[in-house]
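Here's the structure we're looking at; comments come further down.
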Amino acid sequence: MELTFIQKIAIYALPVIFAITVHEAAHGYVARYFGDMTAQEEGRISLNPIKHIDLVGTIVIPAISLLLGGILFGWAKPVPVNFSRLRHPKKDMLWVAAAGPAANLVMALFWAVLYKYSVDMGSFATPAGLMAQAGIMINIVLMVLNLLPIPPLDGGRIAVSLLPNHLAYRYAKVEQYGFIILIILLFTGVLSQILHPFIEIVAGFIQWLIL
């Protein structure tokens, strides 16, 4: 089915907003669990998308990437995490960072269940099925993207947590160039080539598990 741009916006809006914002909220929940109350104090531990939406990263950029095709790209306002306030900063950083991709995996599974049962929704079967398919793919892409070992992505934080202290300190310095590296990879097409095999593996796993 060929969708117009407006139809694509209608199908993708909720999956995109929740994929990005729940990802951020998960960081805040886990940071609070390990002792950092920064996100709690700033009112950012919430599943209310409005608290996490970034006009450019959550709305404009995803809309443009949806219009142009290719990998759906976007971000929310980062939930503030003060790693020094964690009970065991270097060790706990891993769990705080992993919470975002884990949330995307859970959401991908949720959308997969919805897709499986969308055929029983009568007149809502087609839009529900299309929205579920969008939700599955968006969450898989964001999960895989954020696991890339490039600070400040979650995979970069996980790498810093796992590396020996002397290497972790040096690797963390890459963070100031991380966004530039990501943009270069995106616009050269290298990012798609890196992510595609991993996206296929995760999609295949979800299909085997639920669909």
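The values are calculated or read from the model by the stated rules, or taken from the named source; none is laboratory data. On a predicted model such as this, the values are computed, not experimentally measured, just so you know. Using ideal geometry, Cβ is built from the backbone for each residue, glycine included, and neighbour counts are taken over all protein chains shown. Please note that ligands, DNA and RNA were not included when accessible areas were found on the heavy atoms of the full protein model with its side chains. Shrake-Rupley method; radii C 1.70, N 1.55, O 1.52, S 1.80 Å.
Computed quantities for the displayed model
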read-out: Euclidean distance between Cα centres, segment 70-96 to segment 1-50, Å; value: 14
read-out: Base-10 log of normalised Debye intensity for segment 68-135 (one unit scatterer per alpha-carbon) at q = 0.11, 0.20, 0.23 Å⁻¹; value: -0.46, -0.89, -1.00
read-out: Share of carbon and sulfur in the accessible heavy-atom surface of the chain [1.4 Å probe, %]; value: 69
read-out: Under Karplus coefficients 6.51, -1.76 and 1.60, residue-wise ³J(HN,Hα) of segment 15-22 in Hz, glycine/proline x; value: x, 5, 4, 6, 4, 7, 6, 5
read-out: Cα-Cα over 32 Å, subset of Lys8/Lys91; Lys51/Lys91; Lys8/Lys90; value: Lys8/Lys91; Lys8/Lys90
read-out: Diffusion coefficient, µm² s⁻¹, Stokes-Einstein with Kirkwood Rh over alpha-carbon pairs of segment 36-101 at 20 °C and 1.002 mPa s; value: 157
read-out: Exposure ranking of Ser118, Ser84 by accessible area [1.4 Å probe, largest first]; value: Ser84, Ser118
read-out: Å³ per residue enclosed by the Cα convex hull of the chain; value: 131
read-out: Net dipole in debye of segment 73-211 [+1 Lys, Arg Cβ; -1 Asp, Glu Cβ; about Cα centre; nearest 20]; value: 580
read-out: Heavy-atom surface of the chain, accessible at 1.4 Å and reported per residue (Å²); value: 54
read-out: Vicinal HN-Hα couplings computed from phi for segment 30-42 (Karplus, 6.51 cos²θ - 1.76 cosθ + 1.60; Hz; Gly/Pro x); value: 6, 4, 5, 4, 8, x, 8, 9, 4, 5, 4, 5, 9
read-out: Table column - 3J(HN,Hα) (Hz), segment 101-107, Karplus curve with 6.51, -1.76, 1.60, x for Gly and Pro; value: x, 5, 4, 5, 5, 4, 5
read-out: Glu41 accessible area, assembled protein chains, probe 1.4 Å, Å²; value: 120
read-out: Contour excess over end-to-end distance, with Cα ends at Ile64 and Lys91 and 0.36 nm allotted per residue; value: 6.0 nm
read-out: Heavy-atom accessible area order for Lys116, Lys90, largest first, 1.4 Å probe; value: Lys116, Lys90
read-out: Charge dipole of the chain about the Cα centre (unit charges at C-beta), most positive-ward option of Ile6, Leu55, His88; value: His88
read-out: Per principal axis, descending, Cα span of segment 58-182 in whole Å; value: 59, 32, 21
read-out: Two-site FRET efficiency, Val190 against Tyr33, from Cβ-Cβ distance with R₀ of 35 Å, rounded to 0.05; value: 0.45
read-out: Cα centre as origin, Lys/Arg/Asp/Glu Cβ charges: segment 1-99 dipole, Debye; value: 280
read-out: Computed P(r) (all Cα pairs; segment 151-211; 5 Å bins; percent); value: 4, 16, 16, 17, 17, 15, 9, 4, 1, 0
read-out: Extension gain (nm, one decimal) between Tyr177 and Leu163, 0.36 nm per residue minus Cα-Cα; value: 3.1 nm
